[in-house]
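K.L.:
Could you have a look at this structure, given as structure tokens, before my questions?
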Amino acid sequence: MKEYEDLEYMTRVKLCSNIKENYYLPHHAVWREDSVTTKLRVVFDASCKTTSGVSLNDVLLKDPCIQEDLINLLTRFRKHRYEMTADISKMYRRIWVAPSHRTYQQIVWRPAPDQELHQFQLNTITYGTVPASFLATACLHRLADEESNLYPDACNAIKQDFYMDDYLGGAESLQEAITLRDNIIEVLLKGGFDLRKWTASDPELLTGLANKENDPTLILDLSENSAKILGLRWDPSDDVFKYRVKLSERKTIVTKRQILSEIATIFDPLGLISPVVIKAKIKMQRLWAMGIGWDETLPEETMLDWYKFGENLLLLNNLFIPRCIVITGEIIDVQIHGFSDASIEAFGACLYLITTKNQGKRSSRLICAKSRVAPLKSISLPRLELC
């Protein structure tokens, strides 16, 4: 909070009862041990009802979706030979809110319990308000539109290859990637945005990054040999996706709620491990069919079956999936092959990219896949196949 005040993200205001329209944001701290840069974050609750019976979010317009779909962005991330990632430092805090609207972003705060309460107003876009993500993304798009004549490739990347503050992009050659990197940095600086936590599939892409303030977060420390990008683990040195599964301690009582929580930790937006995830979902569906409540103890047989499945999940820690789906060299033919099938328990589909080099060498890489459990209501296999 002191940093907010020092950087003028919030300013102290006098207590004034003459203002008819204002709003006080409740706030609390969230601690994230796995965060590389900001372990402690402040979260604001703009959905809190006031004495009028409505909240700030109730009266704010819901934004249209201008954010790139996650699956499209990640698929493009796998297309380039040279890949790099970064994120915008304090993205929301770089965008000012009109002074006339800041009365709706008021808070009370004191550094210590024995000190006097003070009133502040937040001057920038606030995480927790309905249109915050739209406003931030729209500002990036506006900046890209204004600079598109000078930096067409970089501006196109800003509009297509950002998922909120995370950048995932690249190029087919090293020089193209370096030029793209420098131009993106140049355009974003014109809007007051700083890029940090850089990672790249080639060390050359990390050289030449200006670090005037000796910022230790400019280049991400990969002591664990992997970077987390939009929930996926990417090892830039080997240019592969990895998975990290941690088993929770065995408990004498296991509930449906605990199982759902563990399934949710397996993040697989591209469906690269769909055959594994779908088995977990089938087990969850069986619990529903048994009519077991959220916090009821599972039957011993079901509990042992889940423990066995969980132990097998550890094998995912040995799985490496190539990030790039296009083989190097002169390519003479590219094809996309799609497959789908169904069983009584589940149905799914997958897409493969088939590339052929001029020597006749072929490569087949899984692009993405999707799977779903079959409905509990009995449906014939031909109908499931149509799904």
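The values are calculated or read from the model by the stated rules, or taken from the named source; none is laboratory data. The structure displayed is predicted, hence computed values, not measured ones. Glycine also receives a Cβ, built like all others from the backbone with ideal geometry; neighbour counts cover every protein chain displayed. Ligands, DNA and RNA are excluded from the accessible area calculation, which covers all protein heavy atoms including side chains. Shrake-Rupley method; radii C 1.70, N 1.55, O 1.52, S 1.80 Å.
K.L.:
Mind checking whether some residue in the stretch 262-278 is at positive phi and touching a Lys or Arg at 6+ places or on another chain (Cβ under 8 Å)?
P.N.:
Checking the stretch 262-278: at least one residue is at positive phi and touching a Lys or Arg at 6+ places or on another chain (Cβ under 8 Å).
K.L.:
Look at the stretch 222-236 and say how many of its residues are at pLDDT 90 or above, open to solvent by less than 30 Å² (accessible area, probe 1.4 Å) and assigned to a strand (DSSP E or B).
P.N.:
Count: 2.
K.L.:
While we're looking at this one, here's another question. Counting just the residues of the stretch 96-124 that are among the hydroxyl-bearing types (S, T, Y) and either touching a Ser or Thr at 6+ places or on another chain (Cβ under 8 Å) or assigned to a helix (DSSP H, G or I) (or both), which one comes out most open to solvent (accessible area, probe 1.4 Å)?
P.N.:
Going residue by residue through the stretch 96-124, those that are among the hydroxyl-bearing types (S, T, Y) are 100, 103-104, 124.
With the extra rule that they be either touching a Ser or Thr at 6+ places or on another chain (Cβ under 8 Å) or assigned to a helix (DSSP H, G or I) (or both), the set shrinks to 100, 103-104.
Values: S100: 84, T103: 27, Y104: 66 Å².
The extreme case among them is S100.
K.L.:
Also, quick follow-up: Restricting attention to the stretch 66-95, report how many residues are open to solvent by 20 Å² or more (accessible area, probe 1.4 Å), within 22 Å of A138 (Cβ to Cβ) and over 16 Å from the mean Cα position of the chain (by Cα).
P.N.:
2
K.L.:
Residues that are more than 26 Å from the chain's Cα centre (by Cα) and of a type in the set (A, V, I, L, M, F, W, C): which helices (runs of 4 or more DSSP H) entirely in the stretch 242-314 hold 3 or more of them?
P.N.:
Hits in the stretch 242-314: 274-289, 300-313.
K.L.:
Okay, next question. Identify, from the list I344, I327, I332, I367, the residue that is modelled with pLDDT under 90 and not in a helix (DSSP H, G or I).
P.N.:
That would be I327, the only listed residue that is modelled with pLDDT under 90 and not in a helix (DSSP H, G or I).
K.L.:
Select, from I344, I321, I332, I325, the only residue that is of a type in the set (A, V, I, L, M, F, W, C) and touching a Ser or Thr at 6+ places or on another chain (Cβ under 7 Å).
P.N.:
Matching residue, one of I344, I321, I332, I325: I332.
K.L.:
Then there is this: Only one of (1) among the charged types (D, E, K, R); (2) under 17 Å from L315 (Cβ atoms); (3) surrounded by 14 or more Cβ atoms within 10 Å (Cβ to Cβ) is not met by D239, so which one is it?
P.N.:
Against the list (1) among the charged types (D, E, K, R); (2) under 17 Å from L315 (Cβ atoms); (3) surrounded by 14 or more Cβ atoms within 10 Å (Cβ to Cβ), D239 comes up short only on (2).
K.L.:
From the list D215, D194, pick out the single residue that is crowded, with 17+ Cβ neighbours inside 10 Å and either more than 24 Å from the chain's Cα centre (by Cα) or not basic (K, R) (or both).
P.N.:
The match here is D194.
K.L.:
Do you know which residues across the stretch 125-184 are outside any strand (DSSP E or B), of a type in the set (A, V, I, L, M) and more than 30 Å from Q106 (Cβ to Cβ)?
P.N.:
A144, L150, A154, A157, I158, L174, A177, I178, L180, I184
K.L.:
For R250, are the conditions met, namely being surrounded by fewer than 11 Cβ atoms within 10 Å (Cβ to Cβ) and over 30 Å from K79 (Cα atoms)?
P.N.:
Against the criterion (surrounded by fewer than 11 Cβ atoms within 10 Å (Cβ to Cβ) and over 30 Å from K79 (Cα atoms)), R250 qualifies.
K.L.:
Between E311, E296, E262, which is of a type in the set (D, E), open to solvent by 60 Å² or more (accessible area, probe 1.4 Å), within 25 Å of R372 (Cβ to Cβ) and touching a residue at least 24 places away in the same chain (Cβ under 8 Å)?
P.N.:
Every option except E262 fails the conditions.
K.L.:
Okay, moving on. Looking at A132, A154 in this structure, which one is at pLDDT below 95 and either surrounded by fewer than 19 Cβ atoms within 10 Å (Cβ to Cβ) or of a type in the set (A, V, I, L, M) (or both)?
P.N.:
Selected residue: A132, the only one of A132, A154 that is at pLDDT below 95 and either surrounded by fewer than 19 Cβ atoms within 10 Å (Cβ to Cβ) or of a type in the set (A, V, I, L, M) (or both).
K.L.:
Regarding the stretch 166-176, can at least one residue be identified that is closer than 17 Å to L150 by Cα and open to solvent by 20 Å² or more (accessible area, probe 1.4 Å)?
P.N.:
First, pick out the residues of the stretch 166-176 that are closer than 17 Å to L150 by Cα: 176.
If we keep only those that are open to solvent by 20 Å² or more (accessible area, probe 1.4 Å) as well, we get 176.
The answer is yes; a qualifying residue exists.
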